[in-house]
1. Among what's in the range 202-239 and is open to solvent by 70 Å² or more (accessible area, probe 1.4 Å) and among the acidic types (Asp, Glu), pick the residue that is modelled with the highest pLDDT.
2. Take LEU147 and tell me if it is more than 16 Å from ASP88 (Cα to Cα) and of a type in the set (A, V, I, L, M).
3. Looking only at the range 59-98, which residues are surrounded by fewer than 17 Cβ atoms within 10 Å (Cβ to Cβ) and more than 30 Å from LEU197 (Cα to Cα)?
4. Check off (1) surrounded by fewer than 16 Cβ atoms within 10 Å (Cβ to Cβ); (2) modelled with pLDDT under 95 for THR116 and give me the number that stays unchecked.
5. Enumerate the pairs (first residue in the range 96-121 and under 18 Å from ILE157 (Cβ atoms) and in a helix (DSSP H, G or I); second residue anywhere and open to solvent by 60 Å² or more (accessible area, probe 1.4 Å) and among the aromatic types (Phe, Trp, Tyr)) with beta-carbon separation below 8 Å, excluding pairs fewer than 6 apart on the same chain, so at least 6 apart or on different chains.
6. So which residues in the range 172-200 are open to solvent by less than 70 Å² (accessible area, probe 1.4 Å), in a loop (DSSP other than H, G, I, E, B) and acidic (Asp, Glu)?
7. In this structure, is ASP146 in a helix (DSSP H, G or I) and within 15 Å of the chain's Cα centre (by Cα)?
8. So LEU56 fits all but one of (1) closer than 13 Å to THR39 by Cα; (2) open to solvent by less than 10 Å² (accessible area, probe 1.4 Å); (3) without any contact (Cβ under 8 Å) to a residue 24 or more places away in the chain; what number is the exception?
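The values are calculated or read from the model by the stated rules, or taken from the named source; none is laboratory data. The structure presented is a predicted model; accordingly, all values stated were derived computationally and were not measured. Glycine also receives a Cβ, built like all others from the backbone with ideal geometry; neighbour counts cover every protein chain displayed. When the accessible area is computed, the model is the full protein with side chains, heavy atoms only, and any ligands, DNA or RNA have been set aside. Shrake-Rupley method; radii C 1.70, N 1.55, O 1.52, S 1.80 Å.
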Amino acid sequence: ALAQITVHWRGSADLFDNNAEELRKLHGFELDSGLLVRTLVVMATNQSRFRNIGPLIKDVSRLQESWEKAKFAINYATKFLTSNAGIDTLDLLSSPLLMIPIGVYSVMKDEEFSKTEERTMLKWFYLANIWRHFGLGSSETILDTDLSTLKKSGSFIPLIQIIKQQVGLFKVEPADLENKDTRSPFFSMMYLVMKSLGAKDWATRLKMSQVYSDSSHSLQVHHIFPKASLKKDTSPVET
């Protein structure tokens, strides 16, 4: 899709790259050009599938108009994640597609939200992230369902119900955490909760963050018990 667009709309590749670079400088987010192009497709066609972009390719004016909306959407989603959700790196996201419904909603509402709408959108984001919403089936199908529902309802409440239908009760059980590592959304959520509560490094007293530029203050992750100790026989000793 990117190749087809850039052939017919000369200079568009530079626009995508410049926007990605601007977001990297402002927020440290390394956005893939595929996400930007998919958001453009969403704005132009109200769905996310690249294969449906054919009739749009030669309509440069429509592409340009859709890109302005896409840029607006992605910029807002980035600001929302960093300012409202506490996200300081895309590594905390179970899928970058989480940014698209938030961006689309910002265009729909022209960035004017009530406190309730903001909290509902934030709740959807956390639930969709922790339960790997876009990993529970075809990501394109799930995204298109979300976008269609959002457009019809004008609210994230039905989108929260979609996640509930996918996973059942929003309750984390001990079994959900067994054998999970730092790549798990549960780990990301734990980090965000600790960060929101003002957790600090025990030695430096610096607040938790993943954006410190120097390696000496970067976030370190360690086992409470060394792996070597965990591999040893831990059977209880009879006394």
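1. ASP233
2. Working: more than 16 Å from ASP88 (Cα to Cα): yes; of a type in the set (A, V, I, L, M): yes.
Spelling it out, LEU147 is indeed more than 16 Å from ASP88 (Cα to Cα) and of a type in the set (A, V, I, L, M).
3. ASP59, VAL60, SER61, ARG62, GLN64, GLU65, GLU68
4. (2)
5. Qualifying pairs under 8 Å: SER106/PHE72.
6. Matches in the range 172-200: ASP181 only.
7. Yes, satisfied.
8. LEU56 satisfies every listed condition except (1).
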